[in-house]
Amino acid sequence: GRGVGLDVVRTAVESLGGHLEIRSAPGRGSVFTLVIPSAVALTRVLVFAWDPGGARFCLPASQVSQIYPLSSHALTWSGSRQFLVDGDSLLPVLPWRLGPVGRDGFGLRLTLEGTDRILLVGSVSQMERVVIQPLGPPLDMVPEWMGGALLATGEVAYVLDGRVVARRSEEEDHAV
């Protein structure tokens with residue numbers, strides 16, 4: 001080819017603060033080395049969606065302590081608040097979501113700052129390690145979004161910060 005694919009790789013590596021080294025010997029071939037700074041850390045994330053076949057989203061796996069299939073865990077209301085029933089416990093459901101969630105959805109238990117909250121999602125697909133890239137303007141001003149990540153499937157996923165979602169939901173509850 002014309003090196004267009006390699007140019008995309010070089011640009012991506014340079015955006016991480018690294019560089020691409022190429023060594024070539026006539027009749028012997030070429031060696032390509034990607035040098036990426038150790039400061040670029042991989043983060044383990046849980047990949048999910050609200051719509052089947054729709055956009056992919058992630059949460060850092062360290063923020064998710066349990067996954068509840070809604071087919072076997074009831075949702076109930078108390079006053080204006082929705083809860084997921086876990087045995088004798090009622091876990092508050094975060095009102096934050098980007099799509100409807102049915103009985104075949106899941107509740108993700110976020111254990112953050114000593115409190116547990118449930119984020120309802122439509123589907124859970126996999127865990128993987130990704131590099132989280134910051135979002136550019138104007139999306140970088142939305143505190144709920146940590147950034148974006150390229151998944152092993154080649155899809156781009158938006159990385160959600162469950163701590164901020166939970167904190168802002170609590171602030172809104174106390175403001176009402």
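The values are calculated or read from the model by the stated rules, or taken from the named source; none is laboratory data. It should be emphasised that the depicted structure is a prediction, and the values quoted were computed from it without experimental measurement. Ideal geometry is used to build each Cβ from the backbone, glycine not excepted, and the neighbour counts take in all protein chains shown. Each accessible area value is taken on the protein alone, full model and side chains, heavy atoms only, with ligands, DNA and RNA left out. Shrake-Rupley method; radii C 1.70, N 1.55, O 1.52, S 1.80 Å.
Over all distinct Cα-Cα pairs of the chain, the Kirkwood formula returns a hydrodynamic radius of 18.5 Å. Between P138, V165, G29, the Cα set farthest toward the positive side of the dipole of the chain (charges on each charged residue's Cβ, about the Cα centre) is that of G29. Counting only Cβ charges, +1 for Lys and Arg and -1 for Asp and Glu, the dipole size of the chain around its Cα centre is about 600 debye.
Once you keep just the Cα pairs under 8 angstrom separated by 6 or more residues, what percentage relative contact order results for segment 97-138?
After rounding, I find 35 percent.
Pairs of Cα atoms nearer than 8 Å and 6+ residues apart set the relative contact order; for the chain it is 20 percent. If you roll a 1.4 Å probe over the heavy atoms of the protein chains, what accessible area per residue do you get for segment 1-106, in Å²? Heavy-atom SASA per residue in segment 1-106 reads 63 Å². With contacts taken as Cα pairs under 8 Å at a separation of at least 6 residues, segment 111-176 carries a relative contact order of 25 percent.
Accessible surface ranking for I67, I118, I22, 1.4 angstrom probe, highest first: I22, I67, I118. Apolar share of the accessible surface for the chain: 55 percent from carbon plus sulfur atoms, 1.4 Å probe.
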